[in-house]
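Below you'll find the structure, written out as structure tokens, and then a few comments.
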Amino acid sequence: MTIITPKAILSYPHLFEPRPSTPGGEPVYSCSLVFEPGTDLSAMKQEALRVAREKWADKTDAMLRAGKIRMPFREDGEEKGYPPGAVFINVRSRTAPGIVDRYAGPDGKPVRINDPEALYPGCYVRASLRAFAYDTNGNRGVSFGLCNLQKLGDGQRLDGRKKPEDEFEAEE
């Protein structure tokens, strides 16, 4: 089942060229989605729990209580510069996500984004995701796979980088 996230802040975007998530690992497209405090994540949490129960059945609740299943929702983002109380998830895909703007083109559908500069750390997005369970080398948990992304608007850059036209003065 595909789920559409609420509005999120984009962080660590690797959306146009895949990169290995671990040294020597398979290249993947990835990003972090940062949800501001108070964002309703109940549909995402229900989907993650549904997938966990599908994988581990009657053992799921006991495994969760014992900390034997990792869930994708993280709250330790202040050291990364995320707002206090924010929740974030890391998502990835082996195939390139489709990326669109919020604005419609002549056909009435959202316009495709092909410019990597348009999706920077700090812009606002929402994503379509698919939850999946994993059980690999003693690691058990639920994660989300990235399907597609929609840019919703501009935000303050998380990396502090400025546009060149904002950093330099023009000479006549």
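The values are calculated or read from the model by the stated rules, or taken from the named source; none is laboratory data. Note that the coordinates shown come from a computational prediction; the quantities given were computed from them, not determined experimentally. Ideal geometry is used to build each Cβ from the backbone, glycine not excepted, and the neighbour counts take in all protein chains shown. Ligands, DNA and RNA are excluded from the accessible area calculation, which covers all protein heavy atoms including side chains. Shrake-Rupley method; radii C 1.70, N 1.55, O 1.52, S 1.80 Å.
The 1.4 Å probe gives accessible areas that order Glu171, Glu17, largest first, as Glu171, Glu17.
If the chain linking Ile3 and Phe132 were pulled fully straight, counting 0.36 nm for each residue of separation and taking away their Cα-Cα distance, it would gain 45.2 nm. With a Förster radius of 45 Å applied to the beta-carbon distance between Tyr103 and Asp76, the computed FRET efficiency rounds to 0.80.
Out of all DSSP beta bridges with both ends in the range 56-172, state the antiparallel percent to the nearest 5. Around 75 percent of the beta bridges assigned by DSSP in the range 56-172 are antiparallel ones. Apolar share of the accessible surface for the chain: 46 percent from carbon plus sulfur atoms, 1.4 Å probe.
Using the average count of surrounding beta-carbon atoms within 10 Å as a protection proxy, the listed peptides 158-169, 1-12, 128-139 rank, highest first, as 1-12, 128-139, 158-169. Given (1) 159; (2) 126; (3) 180 as candidate values of volume of the Cα convex hull per residue in Å³, which corresponds to the one derived from the coordinates? Working out volume of the Cα convex hull per residue in Å³ from the coordinates points to (1).
Mind checking the angle between helix 42-56 and the chain's longest principal axis? C-alpha axes, 0 to 90 degrees, to the nearest 10. Around 40 degrees separate the two axes.
When the Cα positions of Asn139, Phe88, Leu10 are compared along the charge dipole of the chain, Asn139 comes out farthest toward the positive end, with charges on each C-beta of Lys, Arg, Asp and Glu. Evaluated with a Cβ-only charge set (Lys, Arg +1; Asp, Glu -1), the chain carries a dipole of roughly 1200 debye about its Cα centre, given to the nearest 20. Comparing Cα centroids, the range 123-172 and the range 1-24 end up 6 angstrom apart.
Of the GluC sites (Glu not before Pro) in the range 12-97, the ones in a loop by DSSP (not H, G, I, E or B) with at most 12 other beta carbons within 10 Å are Glu75.
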